[in-house]
1. DSSP loop chymotrypsin sites (Phe, Trp or Tyr not before Pro) in the range A:1-60 with at most 12 other Cβ atoms within 10 Å of their Cβ, which ones?
2. With n ≥ 4 as the cut-off for DSSP H runs, can you work out [θ] at 222 nm for chain B, using -39500 (n - 2.57) per run divided by the number of residues, rounded to the nearest 500?
3. Per the helix-only calculation at 222 nm, which mean residue ellipticity applies to chain A, given -39500 (n - 2.57) for every DSSP H run of n ≥ 4 and division by its residues, nearest 500 deg cm²/dmol?
4. Between B:A683 and B:T644, what FRET efficiency follows from the Cβ-Cβ distance if R0 is 41 Å, with the result rounded to 0.05?
5. In peptide B:480-491, what is the residue-averaged number of other protein chain Cβ atoms found within 10 Å of each Cβ?
6. Tell me the relative contact order for the range B:409-501 as a rounded percent, counting alpha carbon contacts under 8 Å between residues six or more apart.
7. Calculate the mean, over all residues of peptide B:822-831, of how many other protein chain Cβ atoms lie within 10 angstrom of the residue's Cβ.
8. Past 25 Å, Cα to Cα: identify those pairs from B:K529/B:K738; B:K327/B:K417; A:K85/A:K255, in the order given.
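Laboratory data are not the source of any read-out in this text; all were calculated from the coordinates shown. A quick note: this is a predicted structure, and the numbers were derived from the prediction, not measured. Cβ placement follows ideal geometry from the backbone for every residue including glycine, while neighbour counts extend to all protein chains displayed.
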Amino acid sequence: MLKLFKKERMWQRPELKRRYDLVIVGAGVHGLATAYYLGSQHGYRNIALVDKGYLGNGSSGRNTAIIRSNYRTPEGILCYDASVKLYENLSRELEWNLLFSQCGHLTLGHTDASVTGLRIRAENNQALGIDSRIIYPDEIRRLVPAMDLSSRPRFPVLAALYHPPGGIIRHDAVVWGLARACDRMGIGIHPHTTVTGMRVENGSVQSVVTNRGEIVTSAVLNATAGWASTIGKMAGVSMPIVSHPLQACVTEPLKPFLNKVIVSATLHVYVNQTDKGELVIGAEIDPYQSYSMRATLPTLEQMATYTLELFPQLHGLRVLRQWTGVCDMTPDYAPIIGTAQEVKNFFMDVGWGTYGFKAAPIAGKCTAALIATGKAPKLIEPFSPARFAAGQLVGEKAAAAVST
Amino acid sequence: MSCPKDKITLEFNGKPVTARPGDTVASALYRSGQRIFTRSFKYHRRRGLLCLAGKCPNCLMNVDGAPNVRTCITLVRAGMRVTHQNASPSLENDWLSVVQHFDRLMPVGWYYKTMTDPRVWHTAEPFVRKIAGLGTPPSPDAVSGNYEHAYRHSDVAIIGGGPAGLKAAISEAENGRQVTLVDDQPELGGHLRYTKIAEAALPELVAKVQTLPNMQVLNGSYCFGLYEGNLLGIVQPRRDPDDAERLIHLRAGRVVVATGAYESPLLFPNNDLVGVMLSTGVLRLIHLHGIIPGKVAVVIGQSPLVEPVVADLREAGLQIAATVAPKSVVRAIGKKYVTRIETRDARHACDLVVMCGHRIPDAGLLHQAGARLEWNAGKGAFIPTDLPAHVSAVGQVTGESLSAAATLPPVLDPASKRAFVCLCSDVSSQDLANAIDEGFDHIETLKRYTTTTMGPCQGRMCQLPAIGVCARQTNHSMAETGVTTGRPPNPGVTLGALAGARHHPTRRTPMHYEHEAAGAAWLDMGEWKRSRYYQSPMGASEKQCVEQEYRAVRERVGLIDVSTLGKLDLKGRDVGRLLDHVYAGRFSDLRPGRTRYGVICDEAGIMLDDGTVSRLADDHFFVTTTTGNLDFVLQWMNWWLVGTNWDVYITNLTSGLAAVNLAGPNAREVLKPLTDCDLSTAAFPYMACRVAQVAGAEAILMRIGFVGETGWEIHFPAESGPDVWKAVMEAGRKFDIKPFGIEAQRLLRLEKRHIIVGVDSDALTNPFEAGMGWVPKLDKEDFIGRSALARLATQPPKQKLACFIMNEADLPEDGAAIMIGGQLAGRVTSARFSPGQGKAIGLAWVPAETAREGAEVQVRVRGRVARARITEKAFYDPDGARLRM
């Protein structure tokens, strides 16, 4: 309780030095988590995190903060389960309440085909020890009494995949908590520092050029999500990533009526109610490639339409803001973690698409181990950049929460 | 303006309140004596009317079941039911207001700094949730509202019907342009309606606007978004309960923003007391509603803004106790309502405090459209600059007539726990100062940490004061501190308006009502309704009905409606080339009169769709796609045509044609009397196609066999659908023909090991592992997926799609897990009870080494583990002899 009255700075404003052991491009949750685990588990200190905007300006502050591990493939399930477990203990570890609400997560099935898809996930989840099962309207009604389970909607709810440990977290708090922990270890966080180029010689990055000067470094980690391929290009590293906008919106607060995360792939929408009472609504990725973060009206209308299919009584509720993030999509909807084949000291933790936030702790932990030991931990082996050339894609695309 | 005889009665918290025509809910309640309108979000402090312009959170109430309604801009209607929100038991006595006495335990970010033990947080969270939130959500059985969308165009859109907007509108219209004027007030005129400015001749301007023929006025409507390409989102609220709330999509060649400036509160301790109001709010009450909100007023403000306000108040009959400068105010005092203002050198008793607050250009639309907001110290405001193309601004939104003397950035020393910056979330200047000291010193992180500007007022009341506190605390200038990102919608929009009328189309095949008459049980397939099976009048179970349909096809003859298939007509010299490029197989060498199975793969060799390709003539092909993938295949073909200059014309005939599949040993006998086409195998072999008459309709016939029997897929004009269906059924009567549905079809094809792309394959399946390695023709010219398929052809697949049959009487569900040695090893894609085998059969993904005849696997059947055996051959007619009969 005494912490409450102690006025402490969360982080300092460190000098940007001329030389580092590692420059992490992108100070979002992935970059921060990697720095955090490099510091706390491998003793690294001489790291600079650079970011072109304010702390948490990218996808870390734009996602809908849903945490879950009910994925489809064994690779995905094990990875996200490890992430959920790290998140479960992160508030205590960082001494910073991330407001992780393990309220439960429901993926709705409105057609025979989608129920089959959910069953595949339930079966795979159960085989790997994840709390996840198919439930039917009677039980759904008990969990989410406010939802329309009648036959009135065009696509009535037939069943749902129920995942009790899933939930939502305060995304900005994760950024701040990790940033504070990094800062306390002496790892420098440098917002408003834009990377404009990289000097590569003999197949390795020598320095990173920024708007605040050139930084000599022994290694670089690309953790820039939607901008991953543009940063890769600066080092001459190509990756099969395309960037798509993803939009979300938030409404005015209401008294609590929904304490489950609701996802519907058929309706391309996901909805949850925050502790403050606002409804957070997310869409599927926009169908075109773009780096634009300007919101669009058709996507907002789509989010509203589908939300009202699930909760028609909310027609009078006002949307206060809509915003856009940029997602780094790979051909198999699975990430790319590893060392670039072209440039030996260029590490990547990218391609997380719409799942990046959920995976941040485990991605950071594994990337840290990869950087520190030179060897990829087993959990991230399937996500190696070499898999595309070898044709060994991971099957997560088939289970993309909001993708058909 | 008001006529006392013409009275309206509404209900507030169950009691009748009398209102006058032209009243808003808030003005009617105020006139009836109501002073407390809301309780604040966090501390449950009393809050009264502040802005009277729908811009602050102080008057939100529940109106006719809708939560968070801005009562100060909602016109009264007889019979309205209004209730308060977020206070218990009443607005006057709210037990949660005790919270404010513990505010020291709740400094900014207190919830991040405490409850860091997950167990503590999980215990505490339900209580936190319970006291948060504002309005009560309507009950799930509440009636849904009436909404609609409209689409309009105009040369010029003018947003704002104040003096600047009116003048701009008149000038544009007189220059011959089609003009749409949007104004959010019930009447045009902007601030001229409640302030006295000599230069303006409002009645003339309004009269002029109303006479211009090329002018459309949307009054009482607000614009919430200026999107890419000058797309404006405009909401026209309902005028009476039977009306629809309408969202107008207006595309304008040019947009002129004339949204004016609004007023935001000053910072001093207890600046939120009931009775502390913005000057524009007070003037609105006086001039628009004839209400004098007090007897003795203290006016806080700077010259030259304050003098006209004082004069106006005096004229209205208010006594002015004092006029004080903002920086001399120490605090406001009052328990329930404001009773005094304490300045550095005096205390002034009063029952009304009038703040001549900051004037803020209402540049939200410009900001979201990409304009920059630049601090102008001379005007004391952020002024929009770098306006996007085809967007301009006029009037006070440009900073015109603003001066720093009247709009000082906030100065307050020391910070106070009771000087509220953010009224929506009860964030004080002290909270902001503390957050900045903790390191949240960028305006964007400050916003997110304290939630300032994130509440229902969308930053209108709090953004400038917050920037002021941030600038002062960080020793930066206002310009360096800057504003947060502007986002639509602004103002907020209801989900109902955004969604519009409920419109979720259902597609029915031309024979829909034939199926209905035959007792179809429906299945949704995308937008289509298809017959799952046909219910028996005797009340047989689904399983029995499906088995009867199955037996009809295997033993006699059956008819299924396949009109939902995508149907594309491709003409031109280069169609063969296009198909060779887009499909993995080869089609350029297909002879006219022949049909071939085709699979589309993507660049990674993944199967995207399958269907048939029939060559009707040298330069004429007919292609079918799966029901769900038509749009994709059409786009995909057009995409790959771009830039080729190939002679290809694609016509989508999906809705224009109906289609059936007639199958079974007697299919030929049924069809023979209906067509002039020679159906003998010699004249019409398996995988041939013909154009011929069927039951009087011109049809394309293809001899294919998805279900494994002799059969024809027949495509014919949609308008002949019911006639052809009836004719075939009639001709089949003596063979005891039965219509069959999707379930029987799935079972029939499963026995034949025919896969359904998207059911048995997923987004990562390639043809080799699906057992269709013969599909890709790697020796043809380059095509989509070739390099990946060439590589895959040489790699042994890790998993394979295999047939299985259960050892016992278990029926696994689609999607059930395949286990080997207790480990997850694959999954069932489709499983059905096969009457032919007497057991459940299916298709499953299994490890490649297991995909061999006789291998044993385990299948999870509703949590239990059952045994199954892999079979390599199809269960039914593996050599396809029946197809060729």
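1. Values: sites: A:F5, A:W11, A:Y20, A:Y36, A:Y37, A:Y44, A:Y54; in loops: A:F5, A:W11, A:Y44, A:Y54.
Filter output for the range A:1-60: A:F5.
2. Values: 21 runs with 187 residues, N = 885.
The helix contribution divided over chain B gives -6000 deg cm²/dmol.
3. Values: 9 runs with 115 residues, N = 404.
Mean residue ellipticity at 222 nm (helix-derived): -9000 deg cm²/dmol.
4. E(calc), rounded to 0.05, equals 0.65.
5. Working: counts 0, 0, 0, 0, 0, 4, 1, 10, 10, 9, 2, 2.
Across B:480-491, the average partner-chain Cβ count within 10 Å equals 3.
6. Details: 113 pairs, mean separation 23.9, N = 93.
About 26 percent, as a whole number.
7. Working: counts 1, 3, 8, 1, 0, 7, 4, 2, 1, 0.
Whole-number average of other-chain Cβ neighbours for B:822-831 is 3.
8. Numbers: B:K529/B:K738 19 Å; B:K327/B:K417 17 Å; A:K85/A:K255 30 Å.
Over 25 Å apart, Cα to Cα: A:K85/A:K255.
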